[in-house]
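Let me begin by presenting the structure, written as structure tokens, before commenting on it.
No lab work stands behind these numbers, since they all come straight from the coordinates. The structure displayed is predicted, hence computed values, not measured ones. Ideal geometry is used to build each Cβ from the backbone, glycine not excepted, and the neighbour counts take in all protein chains shown.
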Amino acid sequence: MLNIAVCVSGGGTNLQAILDGIEQGEITNTRVAAVISNNPGAYALERAENHGIEGVCISPKQFPDRESFNRAFLEKLDSYQVDLVVLAGFLVVLPESMIQKYRNRIINIHPSLIPSFCGTGYYGLKVHEGALARGVKVTGATVHFVDEGTDTGPIILQQPVMVEQEDTPETLQRRVMEQAEWKILPRAIDLIARGKVRVEDGKVVILEQPKRRKL
Ligand code: GRF
């Protein structure tokens with residue numbers, strides 16, 4: 001059984017996709033041990049509670065300095081003894097100590113095709129504003145392992161999404177969520193839960209071909 005913790009900061013639609021995926025059997029062999037948020041008002045915490053999952057709020061604002069937050073955050077995470085940490089719209093910079101301790105056991109969903117429109121300053125709507133400003137015709141989402149950089153770890157899955165002529169950042173964000181994020185994040189968790197994901201020389205090898213739809 002893959003024990004996971006999901007870290008959130010906002011509405012939690014990706015968390016909901018995970019919870020639904022487990023319920024509907026798309027994500028196998030997985031259990032959400034806890035949902036952790038830095039934002040006490042995050043609707044994601046309500047989604048967790050609605051599913052009987054412990055929601056905990058821990059934020060740098062509750063601590064006198066960053067070091068003490070980093071220690072408390074890692075201690076809290078360790079207490080759940082998870083195999084995998086899933087960042088689903090988590091807007092807090094992770095402690096280096098956590099990235100080292102959970103090497104290749106932290107994954108993140110980013111709403112673009114990395115390496116485009118990612119890195120410092122590219123989060124939430126800003127990602128889609130950047131894509132529209134550049135005039136790209138295809139964007140999408142990426143699930144990747146988290147390393148010490150920002151959106152720089154080994155890529156696990158990507159899903160393209162067409163940009164439409166009349167798109168606004170909001171309409172594009174919604175389509176990327178519906179057509180990409182809510183599909184590849186559950187699929188990545190299921191692949192990891194079934195031992196089908198390996199990192200070799202900094203690249204991800206998936207030990208299972210995607211199910212080919214008959215043309
Ligand atoms: C998503 O767009 C995700 O790609 C980004 O933050 C947003 C989180 O949305 N990392 P939600 O909280 O899962 O609805």
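Key figures
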| quantity | calculated |
| --- | --- |
| Net charge, Asn3 excluded, C-beta distance under 10 Å - Lys, Arg +1, Asp, Glu -1 | 0 |
| Net charge, Ser37 excluded, C-beta distance under 12 Å - Lys, Arg +1, Asp, Glu -1 | -1 |
| Max mean-square fluctuation residue, GNM over the chain, Cα-Cα springs under 10 Å, options Asn104, Asn50, Asn70 | Asn50 |
| Neighbour-count ranking [beta-carbon atoms within 10 angstrom, fewest first] of Phe117, Phe69 | Phe69, Phe117 |
| Estimated distance in nm for a label pair at Glu166 and Leu207, the labels positioned 7 Å out from Cα along Cα-to-Cβ | 4.9 |
| Low-density loop positions, GluC sites (Glu not before Pro), region 139-215 - DSSP coil, at most 12 other Cβ in 10 Å | Glu148, Glu164, Glu166, Glu208 |
| Kirkwood-Stokes translational diffusion coefficient of the chain, alpha-carbon pairs, 4 °C, 1.567 mPa s, µm²/s | 73 |
